[in-house]
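What follows is a single structure, written as structure tokens, with notes after it.
Every number here is computed from the coordinates shown, using simple stated rules; none is lab data. Note that the structure is a prediction, hence the values are computed from the model and not measured. Reconstructed Cβ throughout: ideal geometry from the backbone, glycine too, with neighbour counts over all protein chains shown.
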Amino acid sequence: MRETIQIIDSQSGLPIDAEIFDEITLEHFIETQADWRPVVLDAARALSKDPNRATLIPRHYHWDWTRKEAELKMLALKFYGISCQGHLQGIMKVDTVARSCRLPEQQGKPLVYIDYIETAPWNIKLLMEPLGKRQQYRGVGSRLFEAAVLQSEEEGFKGRLGLHSLPGSEGFYVKECGMTPVGRDPHKQNLLWCEFTPEQSRRYLAGE
Amino acid sequence: MKFNTDRKWLERRAEQEDRHFISVGGLISTLDPTCETEVASPPSVETTKTAFVRLLQLARRERRLTLEKLAEKADVDLAELLKIETDETFTPGLRTVHQLGLTLDLPAKKLMVLAGLLQVKDPHLQQASVRFAARSEPIGNVSPEEHAALEEYVKFLNER
């Protein structure tokens, strides 16, 4: 799968063509390591100097993509990437088997589980601001999230979607995307389990 | 997949995204050693692992590089390099193997297979790896026989 989509070029404020694809290779992981990490570290250093913002440093940045490359071969898992101007701008991993719905009205039904989303650090406004820089592209994470909803529809899961949100992301998934905060998961570092019903995902796609 | 083509929709979603980090929790489990069961284990590859270690050792020695010099040239951690050469049960990081491949002029992807980082069913590779491991010694100077074995094995890896 490889499709042209649009994201926003922050410099011009205009939409720009990008590609979303699911043929993620080891080279993409290496690219995230080599290109993303130094920028992330710079931003983390800048954030850590400000005690009010130090807690904003996302924990997942300590994680090493390369540890997960073995999963590329697993059928239940799917990786998506977005590239623009020859560079990887965001990456996502979803699982169609590992989890099922927890909301009472759809308990036990299959869903697409978003295991991981990361956008390139230069696309994250909250990271670029401390460095005195403008983010490069906007809407990358939203496009990846949209792909997960669309995959859920294609799988016959009617848009049902679930994820464990990090504390700093709960506002995005609950307030902005409209997911239901089902509850803390004691088996997953007490992270908040959020879920989409078919109606909620329809509203997300329609922009209601 | 039918992505939304409405510009206003995209603008609105981008505005929402700008106000937050959008990190998702699944992989945070890998930060916590108590959750290691969720991390996929690399495939079992004892034979290719031995060949991987011997190959690195011979290629390094043939270039007359000390471990320290190789770590410096490849920009990898010396302690990890030492661990690779002395502990065959150790699984090196992907970046390390990639860097070593570049520095020693060895095919990086094949090295990843040998190191157990990538799974590929290839009986010929297994046989060639066993043969190579048996014909090479981990210490001492590179003998003419070892040199021949090294050349033959690298040629095999590059051809496949």
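Per-structure values
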item: Label-point separation in nm, B:ASP77 to B:GLU159, each point 7 Å along Cα→Cβ; result: 3.8
item: Cut-off 13 Å between beta-carbons: net charge of the residues surrounding B:ALA14, Lys and Arg +1, Asp and Glu -1; result: 0
item: Environment charge at A:ARG134 (Cβ cut-off 13 Å; Lys +1, Arg +1, Asp -1, Glu -1); result: 0
item: Listed pairs A:LYS158/B:LYS8; A:LYS133/B:LYS2; A:LYS78/B:LYS73 exceeding 27 Å between Cα atoms; result: A:LYS133/B:LYS2; A:LYS78/B:LYS73
item: Restraint check, B:LYS69/B:LYS155; A:LYS93/B:LYS83; A:LYS109/A:LYS175; A:LYS188/B:LYS110; A:LYS93/A:LYS175; A:LYS125/A:LYS175, Cα-Cα greater than 29 Å; result: A:LYS93/B:LYS83; A:LYS188/B:LYS110
item: Shielding of A:168-178 by partner chains, average beta-carbon count, 10 Å; result: 4
item: Average beta carbon contacts from partner chains per residue of A:14-23, 10 Å cutoff; result: 1
item: Around A:ILE7: net Lys/Arg minus Asp/Glu count, Cβ-Cβ under 14 Å; result: -4
